[in-house]
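A short worksheet on the structure shown next.
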Amino acid sequence: RSLRHCLVYDNSPSPSHKEDWSEGISFISNPSNGGTAGAYAAASDRAAQLGCKWLLLLDQDTMLPAAYLERAQEAISRAPDAAALVPLVLHGDQPISPAIIDALGSVKPCERPDQKDGIVTAISSGVLIRREIMAAIDFPKQIWLDYVDHWLFLNLNRKGAVFAYIDAKLVHDLSVRAPRSLSSFRLRSILAAEERFYREIGGKAL
C-alpha cells in the first residue's frame, strides 16, 4: 500500500506558504480554526473526491516508523472487516493508546482492548479509518479540538465496529499531561469537551 494523497489542514491564524507543495499534496487554510474535527471532515471530503477508501490521521508532529503502511496492511489482512487500524502509542515510555473507557469513565491503556470490557478508544493520530465511516460521524460543537478521538471511537463502538491493531509503536506528546503549559482557552475547551463526552456516555461515568 502507499499514500495516494496528502492533505495539510492548517488552523493557524497566518497560513503557511504553500507555493512549493508538490503534486499529490493539497493545502487548506482555516484561520478561524476548525480544530481537529474540521480537519477530519475536510479529509473525508477530499478522500471521497479522489475515491480513497481509507484515511490515515496524523498530527503535525507524528513520526511514523519505517514500513508503517506495510504493517497496517498486515493488520487488515488479519481482520479484513476492520473499520479502523490502531497502533500502540506511547507518551515517553508509557503506553497511552489504545485504551478502554470503563463504566466509571476511567481511561485505561490496554495493548489489545476488548469491547466486552468497555468502550475501546485510541489516540487518533496514526489511526487508519475507513472513509465512509468517518464521513458518517457528526461531532458536536463542544467536541471540535479535544475529545475528538474519544468521540470518534465512541461512535465506532456503537456501530459495532471491528478494530485491528498495527504491530507498530508511535510516540505522542500528550499535552494534557502538562496542564500548566496550556492556555486558559485550551483548558476551557478541554473541560467543555469532557463534560459533553461524559454526558453522552452517561451512567456511572457522570
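The values are calculated or read from the model by the stated rules, or taken from the named source; none is laboratory data. Being a predicted model, the structure only gives us computed values, none of them experimental. Note that we place each Cβ from the backbone using ideal geometry, even for glycine, and neighbour counts take in every protein chain shown. These accessible areas exclude ligands, DNA and RNA; they are computed on the full protein's heavy atoms, side chains included. Shrake-Rupley method; radii C 1.70, N 1.55, O 1.52, S 1.80 Å.
Summary table below
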read-out	value
Candidate values (1) 1, 7, 14, 19, 22, 18, 11, 6, 2, 0, 0; (2) 1, 6, 11, 13, 14, 13, 10, 9, 7, 5, 4, 2, 2, 1, 0, 0; (3) 1, 7, 14, 17, 17, 15, 11, 7, 4, 3, 2, 0, label of the one derived for P(r) over Cα pairs in 5 Å bins from 0, in percent	(1)
Accessible surface of region 1-112, 1.4 Å probe, proportion on carbon and sulfur as whole %	51
Gyration tensor (alpha-carbon) shape descriptor, region 64-139, a/c threshold 1.5	oblate
Apportionment of accessible area to carbon and sulfur, region 133-203, percent (1.4 Å)	52
Alpha carbon centroid spacing (whole Å) that separates region 29-63 from region 183-200	22
Count of lysine pairs in region 53-185 with Cα separation under 23 Å (8 or more residues apart, or interchain)	6
Contact order normalised by residue count of the chain, Cα under 8 Å, 6+ apart, percent	24
For region 49-148, with +1 on Lys and Arg beta carbons and -1 on Asp and Glu, the positive-most of C52, A72, A99 along the dipole	C52
Cα-centre dipole for the chain with unit charges at Cβ (Lys and Arg positive, Asp and Glu negative), debye to 20	440
Per residue accessible area of the chain, 1.4 Å probe, in Å²	56
Taking region 1-85 and dividing mean pair separation by its residue count, relative contact order in percent (alpha carbons under 8 Å, at least six apart)	25
